[in-house]
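The structure appears right after this line, and notes come after that.
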Amino acid sequence: MPDAVAEDGAARTGAAGDAPGSGPDDGCGFARLSAVADAVLYEGYLLYPYRRSSPKNRVRWQFGVLLPRGRAERDGPVTAGPSGSADSWYQQTECLVRIRRPDAVLRVRVRYLQVRHKQVEAAGADGRHRPVASLRTDDGAVHLTFDEAVPRERDLTVAPAGLLGGDGFTAPVGAPAGTETEPLPGRAGRVVRRCEEVRARTTVTARRAGPGLVRLRVRTENTGADPDPKAPREEVLRRALVATHTLIGGTGVEFVSLTDPPAELADLAGGCRNAFTFPVLGGAEPAGDRPEGVGEMMLSAPVILPDRPRVAPESPGDLHDAAEIDEILTLRTMLLTDAEKAEARATDPRAADILDRVDTMPPEVFSRLHGAIRSLAPAGERAVTAAPPQEPAPQEPAPGGTPGGPEAADGVRRPGAGRPVWWHEGGDDGLSPSTDTVLVDGVRVGAGSRVRLRPRRGADAQDMFLAGRAARVAALFHDVDGSVHLAVTVDDDPAAELHTWYGRFHYFRPDEVEPRLADDEERGSLT
């Protein structure tokens with residue numbers, strides 16, 4: 001179906017320090033997702049303390065790994081999950097797409113890393129080279145044998161109308177083998193970088209899901225062979241796709257959120273089947289007449305993200321762990337010894353870039369890492385069902401606090417003075433997580449109460465997995481911004497008792513739960 005689908009040339013590549021295709025003129029709006037997509041691409045590439053000798057840098061490439069099928073299924077078929085933290089041989093994205101006009105076009109970009117082995121070789125007196133683990137040249141630089149990675153990507157352009165009713169379109173997305181040789185100063189030796197061939201394909205299919213609505217599937221598979229079943233994982237990774245993820249955009253189309261879809265599309269969204277990946281909306285917040293729960297593009301990543309993820313503007317650069325706390329890692333990197341920094345610089349160019357950035361970071365940039373408040377709703381805007389004061393005579397507020405008696409205007413009942421809007425010395429006096437309660441839908445909820453979880457729009461993705469589940473409240477906690485959170489354990493969690501013993505809970509706002517009445521409990525733990 002040449003009129004329906006076109007393949008945009010060979011897989012593009014970039015240097016070890018560059019991710020390809022993220023320029024301002026990429027033609028499909030993906031540039032606006034480049035910072036997040038690149039953080040996904042290099043997730044776990046190299047971890048603090050960024051040295052080859054570090055134990056956690058000896059077991060690398062943990063996310064979005066697509067091995068040859070024979071290796072992935074050596075111990076039996078793989079079990080698909082909502083993210084790509086387990087090795088597989090395929091990755092499948094399904095999402096709902098609204099077709100806004102007859103000439104709509106979809107753009108699919110598959111991105112991954114190809115592992116490249118960097119071997120240092122010393123020159124012998126006979127002119128031959130022999131592999132070594134490390135080599136110091138006359139200029140004092142140390143060169144280490146280590147695995148690097150090359151970013152790869154492939155673009156496919158798809159006309160949805162041409163896919164409907166057909167078998168879809170399949171295109172190769174692999175990468176070729178190759179060898180590069182770099183001589184070292186003083187004829188001390190050389191560095192040889194070798195890539196093995198990566199064989200892979202991506203298939204794009206679509207099925208009609210309703211008027212103007214299609215269910216799009218993008219499935220990427222490693223089609224290579226596993227020639228040596230006994231080879232260690234680090235060798236097999238050289239024939240794998242690593243940190244595999246997919247960007248989907250286009251013109252004349254819009255995408256439906258799978259974590260927070262419009263109510264009328266919730267059932268269809270729930271029917272999408274994603275394996276080893278987690279699709280979320282990308283791009284800006286909806287504007288104009290575009291409803292919530294839809295967006296202009298999708299990012300399907302092997303890590304769990306919220307809709308419309310973005311990198312914090314205070315972050316000066318990637319630390320190869322998208323869940324890092326920049327300030328802590330920066331401080332720890334500053335404290336590395338000179339010998340540790342020297343090894344990190346010799347390990348990988350990306351590690352050297354991190355050290356350079358940390359060592360030259362201006363004080364004003366470092367101070368921004370200490371923390372930021374994105375949104376802080378005034379106390380009067382708390383999403384808690386209010387209850388009328390129980391005592392007509394309000395007490396004097398504590399400094400920085402809110403007037404209130406045994407029951408303040410926020411619906412929370414507790415002894416002592418009203419809760420402070422912001423924490424101050426003594427501001428938590430009289431608060432009791434085990435006895436405080438909050439009014440939810442006319443029912444007092446506190447420790448021991450049974451509730452059903454109803455996470456709201458924009459909730460953390462992990463919380464959305466618990467939507468509709470039955471739970472028990474363990475405690476009620478007050479935050480320093482004046483908000484209230486319920487600590488809960490899920491009823492059908494086999495480790496609930498253990499979590500309670502450790503004090504590990506899920507946390508929900510009062511407006512994200514509903515009280516469970518007796519007849520509700522009889523229906524079981526799932527809606």
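The values are calculated or read from the model by the stated rules, or taken from the named source; none is laboratory data. Nothing here was measured: the structure is a model prediction, and the numbers come from that model. Note: ideal-geometry Cβ built from the backbone for every residue, glycine included; neighbour counts use all protein chains shown.
Report the residue count in the range 154-196 for those that are in contact with a helix residue (DSSP H, G or I) (Cβ under 9 Å, 6 or more places away or on another chain), modelled with pLDDT of 95 or more and in a strand (DSSP E or B). Steps first, answer last, please.
Within the range 154-196, the first condition is being in contact with a helix residue (DSSP H, G or I) (Cβ under 9 Å, 6 or more places away or on another chain), and the residues that meet it are 169, 194-196.
Those still in the list that are modelled with pLDDT of 95 or more too: 194-196.
Now restrict to residues that are in a strand (DSSP E or B): 194-195.
Result for the range 154-196: 2.
So which residues in the range 19-53 are modelled with pLDDT of 80 or more, closer than 22 Å to G282 by Cα and of a type in the set (S, T, N, Q), if there are any at all?
If the condition is that a residue be modelled with pLDDT of 80 or more, closer than 22 Å to G282 by Cα and of a type in the set (S, T, N, Q), then S34 is the only one that fits.
Assess whether L41 counts as being among the aliphatic types (A, V, I, L, M) and touching a His at 6+ places or on another chain (Cβ under 9 Å).
Values: among the aliphatic types (A, V, I, L, M): yes; touching a His at 6+ places or on another chain (Cβ under 9 Å): yes.
For L41, the condition - among the aliphatic types (A, V, I, L, M) and touching a His at 6+ places or on another chain (Cβ under 9 Å) - is met.
For L67, all conditions in the list (1) of a type in the set (A, V, I, L, M, F, W, C); (2) over 18 Å from T202 (Cβ atoms); (3) out of contact with any Ser or Thr (no Cβ under 7 Å at 6 or more places or on another chain) hold save one; what is the number of the exception?
Of everything listed in (1) of a type in the set (A, V, I, L, M, F, W, C); (2) over 18 Å from T202 (Cβ atoms); (3) out of contact with any Ser or Thr (no Cβ under 7 Å at 6 or more places or on another chain), L67 misses just condition (2).
Which ones in the range 230-287 are within 21 Å of the chain's Cα centre (by Cα) and β-branched (V, I, T)?
Listed by number, the residues that qualify are V242, T244, T246, I248, V256, T259, T277, V280.
Can you work out which of the residues in the range 234-261 that are surrounded by fewer than 16 Cβ atoms within 10 Å (Cβ to Cβ) and touching a residue at least 24 places away in the same chain (Cβ under 8 Å) is farthest from P309 (Cα to Cα)?
The initial filter retains those residues of the range 234-261 that are surrounded by fewer than 16 Cβ atoms within 10 Å (Cβ to Cβ), namely 234-235, 251-252.
From what's left, touching a residue at least 24 places away in the same chain (Cβ under 8 Å): 234, 251-252.
On the way: E234: 31, T251: 21, G252: 23 Å.
By that ranking, first place goes to E234.
Against the definition (modelled with pLDDT under 95 and in the same structural domain as E234 (by TED's automatic domain parsing)), how does P68 come out, yes or no?
Working: modelled with pLDDT under 95: no; in the same structural domain as E234 (by TED's automatic domain parsing): yes.
Taking the combined requirement at face value, the residue does not satisfy it.
Regarding the range 288-309, can at least one residue be identified that is without any contact (Cβ under 8 Å) to a residue 24 or more places away in the chain and assigned by TED's automatic domain parsing to the domain that holds A80?
Going residue by residue through the range 288-309, those that are without any contact (Cβ under 8 Å) to a residue 24 or more places away in the chain are 288-289.
Now restrict to residues that are assigned by TED's automatic domain parsing to the domain that holds A80: 288-289.
Looking through the range 288-309, at least one residue is without any contact (Cβ under 8 Å) to a residue 24 or more places away in the chain and assigned by TED's automatic domain parsing to the domain that holds A80.
Could you tell me whether the range 494-504 includes any residue that is among the aromatic types (F, W, Y), within 30 Å of G430 (Cβ to Cβ) and at pLDDT below 85? Write out each step before concluding.
So in the range 494-504, the residues among the aromatic types (F, W, Y) come out as 501-502.
From the residues that got through so far, the ones that are within 30 Å of G430 (Cβ to Cβ) too are 501-502.
Cutting the leftovers down to at pLDDT below 85 gives us 501-502.
Scanning the range 494-504 turns up at least one residue that is among the aromatic types (F, W, Y), within 30 Å of G430 (Cβ to Cβ) and at pLDDT below 85.
Being in a strand (DSSP E or B) and more than 18 Å from A351 (Cα to Cα) is the filter here; which residues of the range 137-153 pass it?
Those that are in a strand (DSSP E or B) and more than 18 Å from A351 (Cα to Cα): R152, E153.
Failed condition for D491, given (1) at pLDDT 85 or above; (2) within 30 Å of L281 (Cβ to Cβ), with all others met?
Condition not satisfied by D491: (2).
Answer yes if at least one residue in the range 351-366 is of a type in the set (G, A, S), surrounded by fewer than 16 Cβ atoms within 10 Å (Cβ to Cβ) and more than 19 Å from A35 (Cα to Cα), and no otherwise. Spell out how you get there, then give the answer.
Residues of the range 351-366 that are of a type in the set (G, A, S), as a first pass: 351-352.
Checking the rest, the ones that are also surrounded by fewer than 16 Cβ atoms within 10 Å (Cβ to Cβ) come to none.
Checked the range 351-366: no residue is of a type in the set (G, A, S), surrounded by fewer than 16 Cβ atoms within 10 Å (Cβ to Cβ) and more than 19 Å from A35 (Cα to Cα).
For E264, are the conditions met, namely being surrounded by fewer than 22 Cβ atoms within 10 Å (Cβ to Cβ) and under 25 Å from G468 (Cα atoms)?
On the way: surrounded by fewer than 22 Cβ atoms within 10 Å (Cβ to Cβ): yes; under 25 Å from G468 (Cα atoms): yes.
Judged against the criteria, E264 is a match.
Could you run through the range 204-223 and say how many residues are surrounded by fewer than 17 Cβ atoms within 10 Å (Cβ to Cβ) and assigned to a strand (DSSP E or B)?
Qualifying residue count for the region: 4.
Report, by residue number, each residue of the range 457-488 that is at pLDDT 90 or above, part of a loop (DSSP other than H, G, I, E, B) and more than 24 Å from V280 (Cα to Cα).
none
Within the range 46-66, track down each residue that is in a loop (DSSP other than H, G, I, E, B), of a type outside the set (V, I, T), out of contact with any Phe, Trp or Tyr (no Cβ under 6 Å at 6 or more places or on another chain) and touching a residue at least 60 places away in the same chain (Cβ under 8 Å).
The first filter runs over the range 46-66 and keeps only residues in a loop (DSSP other than H, G, I, E, B), leaving 46-54, 58-65.
Right, trim to of a type outside the set (V, I, T) and you get 46-54, 58, 60-64.
Now restrict to residues that are out of contact with any Phe, Trp or Tyr (no Cβ under 6 Å at 6 or more places or on another chain): 46-51, 53-54, 58, 60-64.
Those that are in a loop (DSSP other than H, G, I, E, B), of a type outside the set (V, I, T), out of contact with any Phe, Trp or Tyr (no Cβ under 6 Å at 6 or more places or on another chain) and touching a residue at least 60 places away in the same chain (Cβ under 8 Å): L46, L47, Y48, P49, Y50, R51, S53, R60, W61, F63, G64.
Keeping to the range 96-129, report how many residues are part of a strand (DSSP E or B) and basic (K, R).
Initial filter on the range 96-129 (part of a strand (DSSP E or B)): 96-99, 105-123, 129.
Okay, now just the ones that are also basic (K, R), so 98, 107, 109, 111, 116, 118.
Count: 6.
How many residues does the range 346-370 contain that are assigned by TED's automatic domain parsing to the domain that holds R51, among the charged types (D, E, K, R) and either at positive phi or touching a residue at least 40 places away in the same chain (Cβ under 8 Å) (or both)?
Counting residues in the range 346-370 that are assigned by TED's automatic domain parsing to the domain that holds R51, among the charged types (D, E, K, R) and either at positive phi or touching a residue at least 40 places away in the same chain (Cβ under 8 Å) (or both) gives 4.
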